[in-house]
1. Going by Cα centres, segment 216-259 and segment 28-42 are how many Å apart?
2. Work out the charge dipole of the chain with +1 on the Cβ of Lys and Arg and -1 on the Cβ of Asp and Glu about the Cα centre, then indicate which of Ser2, Ser93, Leu151 is farthest towards its positive end.
3. If one computes the Cα centroid of segment 76-155 and of segment 166-193, what distance in Å separates the two points?
4. Tally up the carbon and sulfur contribution to the accessible surface of the chain as a whole percent, 1.4 Å probe, everything protein left in place.
5. Counting other Cβ atoms within 10 Å, which trypsin sites (Lys or Arg not before Pro) in segment 103-193 have at most 13 and lie in a DSSP loop?
6. List the relative contact order of the chain as a percent without decimals, with contacts defined as Cα pairs under 8 Å and 6+ residues apart.
7. I'd like the orientation of helix 122-132 relative to the chain: the angle between its Cα long axis and the longest Cα principal axis, in ° from 0 to 90, rounded to 10.
8. Within 10 Å of each candidate Cβ there may be at most 11 other Cβ atoms; applying that plus a DSSP loop requirement, which GluC sites (Glu not before Pro) in segment 150-254 survive?
Amino acid sequence: MSEIDAIKTNNFKFNKKFGQNFIFDKNLLKAIIEDSNITKDDDVLEIGPGAGTLTKVIANSAKKVVSYEIDSNLKPILEQNLQGVQNSKVIFSDALKTSISEIESNFEGEYKIVANLPYYITTPLIFKFVQETTRVKTMSIMVQKEVGERLIAKAGDSDYGSISVVLDFYANVKILRNVPRRMFVPAPNVDSCVVQIEFVKNKHECNAKLFEKIVKSAFANRRKTLANNLSIDFCVNKQTIYEMLKELNINEQARGDSLTTKQFVEITKIFDKKSIKSK
Ligand code: SAH
């Protein structure tokens, strides 16, 4: 029986609430794994296995794969489709609500993440792994095309935002391939792309928490200047900020979206030295 048949015979109803858009195309599944550089040395965490099509391909290439699935209605389908796959374990639990320590108890050391994610959990999930662990080597995830473009955006791009800067602080990010909506069952209203996030330890040396607060503040009110946003959120007078910006050769009227990651790092270092803290 084919994998898609398991969906039909079990009378499975796709649940929009869980962002269920499955992939059955063997060539696409294979391409995602090849892109992700998964080898037999790799432990892999998968979020949202659905009918287990991607899970099976990951298991073929990896040492082992542990998948978290929120929808227990998929249990009979996953059991059927993953029958005989020895190095796969499925846990029925909300990946967002499961603690990192519980997730990581499945693995001995570092691991990679591969997922065709539901769109609504993309950003919180990325931040969860970016902020709470250093054991993830790479994240290869299918995301909505617009989100992918936001993740790789650089200073000055129209879709440059706080997530672009924060991700660039911790990782190298690239789009590996575009995936049209017709490749999914059922087809969603948007196109997708596979994004690769490669974590780089100590890519920038500064106070990471303070850096994130500064970036968040800089983008909090896009129409305000950087100096305005920072002076409000950090209770510093604007003149002090102007002087800092001058020292860094940044125009005092600059807005957050014109600054590079490196410039945000420089600002963070100065704030840290002067012990400037957020409200
Ligand atoms: N990876 C599969 C399915 C993708 S659809 C494929 O490529 O075919 C997204 C999957 O994520 C669905 O199975 C959905 O039930 C699951 N999901 C949604 N929210 C989740 C969450 N918070 N934690 C774990 N799984 C989730």
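1. 43 Å
2. Leu151
3. 14 Å
4. Numbers: 6390 of 13840 Å².
Percent of accessible area from carbon and sulfur atoms in the chain: 46.
5. On the way: sites: Lys112, Lys128, Arg135, Lys137, Lys145, Arg150, Lys154, Lys174, Arg177, Arg181, Arg182; in loops: Arg135, Lys154.
Filter output for segment 103-193: Lys154.
6. Details: 451 pairs, mean separation 40.5, N = 279.
That works out to 15 percent.
7. Helix 122-132 and the main axis of the chain meet at about 70 degrees.
8. Numbers: sites: Glu198, Glu205, Glu212, Glu243, Glu247, Glu252; in loops: Glu205, Glu252.
Sparse-neighbourhood loop GluC sites (Glu not before Pro): Glu205.
The values are calculated or read from the model by the stated rules, or taken from the named source; none is laboratory data. All figures in this text were calculated on a predicted structure; none of them were measured in a lab. Note that each Cβ is placed from the backbone with ideal geometry, even for glycine, and that neighbours are counted across all protein chains shown. Only protein heavy atoms, including side chains, enter the accessible area calculation; ligands, DNA and RNA are left aside. Shrake-Rupley method; radii C 1.70, N 1.55, O 1.52, S 1.80 Å.
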